[in-house]
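K.L.:
Submitted below is the structure of interest, expressed as structure tokens.
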Amino acid sequence: MENAVSIRSSRLLADTLRDRLAAADIRVNGDRPWDLQVHRERVYARALLGGSLGVGESYMDGDWDCAQLDELLFRAMRARVDARLSTVPERWLGLKSWLMNRQAVRRAFRVGEVHYDVGDDVYRAMLDPRMVYTCGYWAEADTLAAAQEAKLDLVARKLRLQSGMRVLDVGCGWGGAGAYLSNRYGVHVLGVTVSRNQALVCQTHSLNANFEVRLQDYRGLTGRFDRIYSLGMFEHVGRRNYAQYFDVIRHLLLPDGLFLMHTIGHRTPRPGNDPWIEKYIFPNSYIPAQSEVAKALEPRFVVEDWHDFGPDYDRTLMAWWANFERAWPSLVGRYGERFGRMWRYWLAVSAASFRSRDLHLWQVLLSPNGVVGGLAEQR
């Protein structure tokens, strides 16, 4: 009797998931590149009961495969299949975010330890030569390196960088942006990071007298700067800290200065971080909604420009995917197959999120008091 009930339950779960995937034109064990190939029947229960965490972990464990993973995930997101899966893990993370400040100073270094310190060989293989770990700007670029350099030049143009300016890079990564801007534009750049490994790598730029890096949380910064920028760091600030973050930036910025914030964003607020991303990729992170950013900015800054080029992140992520695939045979011995599947899934689900327009990429240009006459748009 118990076996019969179990079989019926398994069939019901399988039929339910098949029906939901069919709405996205995805077939189970179909012959198209984006069709889902099931290796273990437990995938149905894990997906329906575990939501995004269950789907991601079942892929990591080899329960299912797909020849064109990014396209499967794009179709599922565009059809809102994910919205009809279990939200228990999401609600739990939302409750934790409501009960505690998950991005408090004492937790600030956690994401560096889990993600950014994973291993430089992975990042060197995946990223451009400068190891710039944010969205490239592909308007006139045809390679990843060109897209990243175009993005840095776009930042410089928006900030109106001039030789001799003192510039702060909040969340400087491996130092590629700060080193490039200090060399190309003659500015003095101070970068801060919460990744010990990134800070060590930045020492390779030590011959550049105009570029300095500190292992430090942004809340402990002092001094005054002509310009400030942050590329891909705001996702780790947390909505409880938005007011403090912008207060710190405003205090550090000279009255006639400019601040450029480059961040991933959502159209509407979410309960919390995605559970799979939280567990495996970016712990204690949160993707801001445009309304949450605007509310925090209102009493503190004038918005001079708000530029969305999210589709460029899809192309950036797929370039990272191609680089990672080429390098994987030389990395698998150190990291193992499960890590490789985790990394591929992260790149694919991220690309699909931008392709489906669920995620956006914003560059927001801000001034403390408003620039008289405004700033001509430069894109």
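K.L.:
Restricting to region 287-304, and then to whatever is among the acidic types (Asp, Glu) and surrounded by 17 or more Cβ atoms within 10 Å (Cβ to Cβ), can you tell me which residue is nearest to PHE246 (Cα to Cα)? Please lay out each step first, then the result.
P.N.:
Our first condition is that a residue be among the acidic types (Asp, Glu); within region 287-304, this holds for 292, 298, 304.
Restricting the remaining residues to those that are surrounded by 17 or more Cβ atoms within 10 Å (Cβ to Cβ) gives 292, 304.
Numbers: GLU292: 12, GLU304: 15 Å.
The qualifying residue nearest to PHE246 (Cα to Cα) is GLU292.
K.L.:
Now a separate question. Name the single residue that is surrounded by the fewest Cβ atoms within 10 Å (Cβ to Cβ) among those in region 184-224 being at pLDDT 95 or above and in a helix (DSSP H, G or I).
P.N.:
ARG184
K.L.:
Same structure, new question: When you scan region 130-147, do you find a residue that is in contact with a Leu (Cβ under 8 Å, 6 or more places away or on another chain) and free of Cβ contacts under 8 Å to residues at least 40 places away in the same chain, even just one?
P.N.:
The answer is no, given that none of the residues of region 130-147 is in contact with a Leu (Cβ under 8 Å, 6 or more places away or on another chain) and free of Cβ contacts under 8 Å to residues at least 40 places away in the same chain.
K.L.:
Name the residue, out of ARG250, ARG267, that is of a type in the set (D, E, K, R), surrounded by 15 or more Cβ atoms within 10 Å (Cβ to Cβ) and assigned by TED's automatic domain parsing to the domain that holds ARG196. Steps first, please.
P.N.:
Numbers: ARG267 fails: surrounded by 15 or more Cβ atoms within 10 Å (Cβ to Cβ).
Result of the check over ARG250, ARG267: ARG250.
K.L.:
Now for a different question. Which one of these does GLY173 not meet: (1) part of a helix (DSSP H, G or I); (2) at pLDDT below 95?
P.N.:
Of everything listed in (1) part of a helix (DSSP H, G or I); (2) at pLDDT below 95, GLY173 misses just condition (1).
K.L.:
Say whether the condition of being under 30 Å from VAL122 (Cα atoms) and among the hydroxyl-bearing types (Ser, Thr, Tyr) is met by at least one residue in region 237-257. Walk me through it before giving the result.
P.N.:
Step one: of region 237-257, the residues under 30 Å from VAL122 (Cα atoms) are 237-238.
Next, from what is left, pick out any that are among the hydroxyl-bearing types (Ser, Thr, Tyr): none.
Taking every residue of region 237-257 in turn, none turns out to be under 30 Å from VAL122 (Cα atoms) and among the hydroxyl-bearing types (Ser, Thr, Tyr).
The values are calculated or read from the model by the stated rules, or taken from the named source; none is laboratory data. Not measured: the values here are computed from a predicted model. Quick reminder, even Gly has a Cβ in these numbers, built from the backbone with ideal geometry, and neighbours come from all protein chains shown.
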